[in-house]
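The structure appears below as structure tokens.
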Amino acid sequence: MLAFCLTFGLAVILTRLVQYQVFDHEQLETQAIDQRIYTRELVPPRGYIVDLNGHVLAMNVIHWDISVSPALVTTQAKERRQLANDLATLLELPMDVVSATLNSSELWVPLATHVDYQAGEAVEDLGADGIMCEPQFHRFYPERDLVAHAVGIVNETGTGYYGVEGYSNIILRGSNGYRIVERNPVGDELPLLPLSESLPEPGTSLRLTLDRSIQYIAQQELRRALEQFSADSGTVLIMEPRTGAILALVSLPTYDPNNYADADPHLLDDPSVSMMWEPGSIFKIITWAAGLDSGTISPGTTFYDEGALEVGGRVIRNWDRKGYGMVTMRDGLVKSLNTVASFVSTSMGKERFYTYLRRFGFGTLTDVDLAGEGPGMMKLPGDSDWFPSEQGTNSFGQGIAVTPMQMIVAVSAVANEGMLMKPHIVHQYVAPGAEGEEPRIIHVDPMVVRRAVSTQTAETLTQLLVDVVTEGATKAQVPGYRIAGKTGTAQIPTAYGYHPTDTIASFVGFAPADDPQFIVLVKLDRPRESPWGSQTAAPTFRAIAERLFVYLQIPPDEIRLAQR
Amino acid sequence: VASQSPSGAFQRKRRSLSSGQVFVVALVVLVILFLWLHLILALGIEATGRQIQIKTAELEKTRRQILAREQEAAQARSQEILASRARELGYQPQVPIYLLLLGPADQSTSDVGAEESHPPGTVAGATGAEASALETLSLWVALAQSLDTSMEIETGPMP
């Protein structure tokens, strides 16, 4: 009997052994490896973003995710109560929630996420079994809403959207690494060398052309303008016309990128590159540039203005519906006459006119290094929706939609002796070097896109634009400085024609006119106090320019020219 | 033929057994030594590994501290906080003081030479005492006007 029992027992054991060793071998081996071997993903820190002077605009901070493995938590009732009490105090959670989590029957329960640095460290220092503290990188923007549209956001998965974060996401993010390690049944890593390892490549940091002080000036003045003129929203763009470097990019209303989840999703788009508008009279700069450069007109060319001009079956009228009689092209620009603008564009012929608009970059992307750029909208002869009358209306900025970025880049070409520059906001890429090596710094050089107009045309037009500010848009004047610029008051297209009262007021100008150091575009949406760009956008430009002259240490023209 | 005595055979057998035993004992000792060495090495590696883990944890904690300090510094140096601090200290954006030119400013800057330009507050072409007097006058006017904010030239609306 005993022999039978022993034989039977042995047979059972042998059967199980054969089953484990032969039939279930692979499955059990995989299971064992899975339990023992652990692949840990190594996430590199995202690159920083700093302004031109090195002030941090975007950085990484640590937040903690705290979770509990209830089975591993101490079974001593007193210690357990003490632990629950400590966790409740440190994490500012109700005691019953913490107790319920510690007593849960689940294997793993998340207790708190987004725990701040101090509290997380304190929990970590408790060193309690079964309490897991995972540090997580989060993006932090110390300047808050000041640079929201320019910099963009990074979501929970570490992916950048909008602005620089979106455009340069791959560069900023770096590449993940991994480490394959062994761990004990409790889950702790064994203190042995990793089985395999690939180190992460940290993200490249960016130094922008943006100057936060100029950004602050622009935001302050724009905010003041929105309040003063009761406008809904607005945009200010400031660029260096010689290089295409963006010095400031502000749109209001804005949001705090540290709490982007609470913001209205519509605010996340950067209006300076994503929103298009019919530019109105500031577009006459382009029409005049085309007319002068093609030899169609000169400043002294005359035109008899009857107050109305028919183009392609549509009657074009001036802003005040008046006729100004015999006027020169100079007068036409200073008085901002729509009839004269239509005369220029129709005299040129549609082929040449639209070729010039293309040369200035309308209808295409500027390729600025910001996410979400739109190409605007420009219909061309031959398109099914293009009508001959558009040659007239386009000349004064109607029937054509542009982004603020396109507009400032185009006018910058006039300020830059006719050369169209590629706008850019990244000044340097700072790639971390290998251990012990210096970081690699890559400068972004200014890039010429093409010549839009001749140097002579640019100089002539600059003089005309100085006359515009001196005689017309006088509220943009800053005493002691020659400023070239143009106002615009654009009607807002709706599904039923143009809005009867609402306008978009704008001003684009550069200074000093003979050696432009900056160009500013001001755009105010639906100003209620006055619909006119000359009354709203022009004084806003002046307020910004005054402070820029001081900040950039540009002496008045006479002193500057005397120093030459 | 002398038969082998039982005691002699036993002794030979005993000798041969003892050498086998010696071999086994030696083998066991070697195995024990090997295992002991292995254990010592494993313990050493484990201790070093633990040290590395502790140092790595300390390094990570220090890195987290650095990040926290960086965050505090960046927050404290943000433009908004600096601006409000400056306001508390009495700093305000400068109100520009423009020196009035008693004559029209020379606008043709592109062909103005150094000898033709003149400092603000003086009139081009004025000489000696005239220039000095005009400069004094213009400074007074400038100071007076710096208190008057309605310097802007008003014009009608333009598109």
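The values are calculated or read from the model by the stated rules, or taken from the named source; none is laboratory data. None of these values were measured; they are calculated from a predicted model. Cβ coordinates were reconstructed from backbone atoms using ideal geometry, including for glycine residues, and neighbour counts include every protein chain displayed. For accessibility, only protein heavy atoms count, side chains too; no ligands or nucleic acids. Shrake-Rupley method; radii C 1.70, N 1.55, O 1.52, S 1.80 Å.
The rows are residues; the columns are (1) assigned to a loop (DSSP other than H, G, I, E, B); (2) in contact with a helix residue (DSSP H, G or I) (Cβ under 8 Å, 6 or more places away or on another chain).
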residue	(1), (2)
A:Ala490	no, yes
A:His499	no, no
A:Gly509	no, yes
A:Leu521	no, yes
A:Ser534	yes, yes
A:Thr540	no, yes
A:Ala545	no, yes
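Are any residues in the range A:249-296 open to solvent by 10 Å² or more (accessible area, probe 1.4 Å) and over 24 Å from the mean Cα position of the chain (by Cα), and if so, which ones?
A:Leu292, A:Asp293, A:Ser294, A:Gly295, A:Thr296
Report every pair of residues separated by at least 6 positions or lying on different chains whose Cβ atoms are under 8 Å apart, first residue within the range A:193-222 and within 30 Å of A:Arg179 (Cα to Cα) and open to solvent by less than 30 Å² (accessible area, probe 1.4 Å), second assigned to a strand (DSSP E or B) and among the β-branched types (Val, Ile, Thr).
A:Thr204/A:Val430; A:Leu206/A:Ile49; A:Leu206/A:Val50; A:Leu206/A:Val426; A:Leu206/A:Val430
What is the one condition in (1) facing chain B (nearest Cβ under 8 Å); (2) buried (at least 24 other Cβ atoms within 10 Å of the Cβ) that A:Gln563 does not satisfy?
(2)
Would you say A:Glu134 is within 14 Å of another protein chain (Cβ to nearest Cβ), in a strand (DSSP E or B) and in contact with a helix residue (DSSP H, G or I) (Cβ under 7 Å, 6 or more places away or on another chain)?
Against the criterion (within 14 Å of another protein chain (Cβ to nearest Cβ), in a strand (DSSP E or B) and in contact with a helix residue (DSSP H, G or I) (Cβ under 7 Å, 6 or more places away or on another chain)), A:Glu134 does not qualify.
Name the single residue that is surrounded by the most Cβ atoms within 10 Å (Cβ to Cβ) among those in the range A:307-353 being closer than 18 Å to A:Val466 by Cα and either at pLDDT below 90 or hydroxyl-bearing (Ser, Thr, Tyr) (or both).
Only one residue tops the list, namely A:Ser336.
Going by the structure shown, is A:Lys379 modelled with pLDDT of 95 or more, of a type outside the set (Ser, Thr, Tyr) and open to solvent by 10 Å² or more (accessible area, probe 1.4 Å)?
Considered against the rule, which asks whether it is modelled with pLDDT of 95 or more, of a type outside the set (Ser, Thr, Tyr) and open to solvent by 10 Å² or more (accessible area, probe 1.4 Å), A:Lys379 comes out as no.
How many residues does the range A:460-480 contain that are over 28 Å from A:Leu524 (Cβ atoms) and surrounded by fewer than 18 Cβ atoms within 10 Å (Cβ to Cβ)?
0
Kindly provide the set of residues from the range A:34-68 that are in a loop (DSSP other than H, G, I, E, B), open to solvent by less than 70 Å² (accessible area, probe 1.4 Å) and not hydrophobic (A, V, I, L, M, F, W, C), ordered by number.
A:Pro44, A:Pro45, A:Arg46, A:Gly47, A:Tyr48, A:Asp51, A:Gly54, A:His55
Report yes if A:Ala71 is small (Gly, Ala, Ser), open to solvent by 50 Å² or more (accessible area, probe 1.4 Å), in contact (Cβ under 8 Å) with a residue 40 or more places away in the chain and more than 30 Å from B:Ile81 (Cα to Cα), otherwise no.
Yes.
Which condition does A:Gly363 not pass, out of (1) within 30 Å of A:Val426 (Cα to Cα); (2) in contact (Cβ under 8 Å) with a residue 60 or more places away in the chain; (3) open to solvent by less than 30 Å² (accessible area, probe 1.4 Å), if it passes all the others?
So the condition that A:Gly363 fails would be (2).
Hey, can you tell me all the residues within the range B:52-84 that are within 8 Å of another protein chain (Cβ to nearest Cβ), among the polar types (S, T, N, Q) and either under 30 Å from A:Asn184 (Cα atoms) or over 21 Å from the mean Cα position of the chain (by Cα) (or both)?
Hit for the range B:52-84 is B:Gln53, nothing else.
Quick one: what pairs do we get from the range A:1-26, first residue at positive phi, second surrounded by 10 or more Cβ atoms within 10 Å (Cβ to Cβ), C-beta under 7 Å, 6+ apart or different chains?
Partner pairs satisfying both residue conditions: none exist.
Of a type outside the set (S, T, N, Q), closer than 30 Å to A:Gly163 by Cβ and out of contact with any strand residue (DSSP E or B) (no Cβ under 6 Å at 6 or more places or on another chain): is that true of A:Leu380 in this structure?
In short, no.
Need pairs with beta-carbon distance below 9 Å; first residue within 15 Å of A:Met276 (Cα to Cα) and touching a residue at least 40 places away in the same chain (Cβ under 8 Å) and within the range A:398-418, second crowded, with 24+ Cβ neighbours inside 10 Å and among the basic types (Lys, Arg); sequence gap 6+ or separate chains.
These pairs meet every condition: A:Pro404/A:Lys523; A:Met407/A:Lys523.
Which of the residues belonging to the range A:238-286 are under 27 Å from B:Glu80 (Cα atoms), assigned to a helix (DSSP H, G or I) and touching a helix residue (DSSP H, G or I) at 6+ places or on another chain (Cβ under 6 Å)?
Matches in the range A:238-286: A:Pro257, A:Ser272, A:Val273.
Quick test for you: out of A:Asn416, A:Asn394, pick the one residue that is buried (at least 22 other Cβ atoms within 10 Å of the Cβ), at pLDDT 95 or above and of a type in the set (S, T, N, Q).
Just a single option satisfies the conditions, and that option is A:Asn416.
Is it fair to say A:Val147 is within 11 Å of chain B (Cβ to nearest Cβ) and touching a Leu at 6+ places or on another chain (Cβ under 6 Å)?
Answer is yes for this residue.
Can you tell me how many residues within the range A:74-116 are of a type in the set (Lys, Arg) and either part of a strand (DSSP E or B) or open to solvent by less than 50 Å² (accessible area, probe 1.4 Å) (or both)?
Result for the range A:74-116: 1.
State all residues of the range A:421-456 that are among the aliphatic types (A, V, I, L, M), in contact (Cβ under 8 Å) with a residue 24 or more places away in the chain and surrounded by fewer than 18 Cβ atoms within 10 Å (Cβ to Cβ); if no residue qualifies, say none.
Correct list: A:Val430, A:Ala431, A:Met447, A:Val448.
Restricting to the range A:481-526, name every residue that is open to solvent by 30 Å² or more (accessible area, probe 1.4 Å) and not charged (D, E, K, R).
Result: A:Tyr481, A:Gln491, A:Pro493, A:Thr494, A:Ala495, A:Tyr496, A:Gly497, A:Tyr498, A:His499, A:Pro500, A:Thr501, A:Gln517.
Considering only the range A:56-63, I want to know if a residue exists there that is at pLDDT below 90 and under 30 Å from A:Ala128 (Cα atoms).
Yes: one or more hits.
In the range A:548-560, which residues are surrounded by 17 or more Cβ atoms within 10 Å (Cβ to Cβ) and aliphatic (A, V, I, L, M)?
A:Leu548, A:Ile554
Out of the residues in the range A:433-483 that are more than 14 Å from chain B (Cβ to nearest Cβ) and of a type in the set (S, T, N, Q), state the one that is farthest from A:Arg560 (Cα to Cα).
The extreme case among them is A:Ser454.
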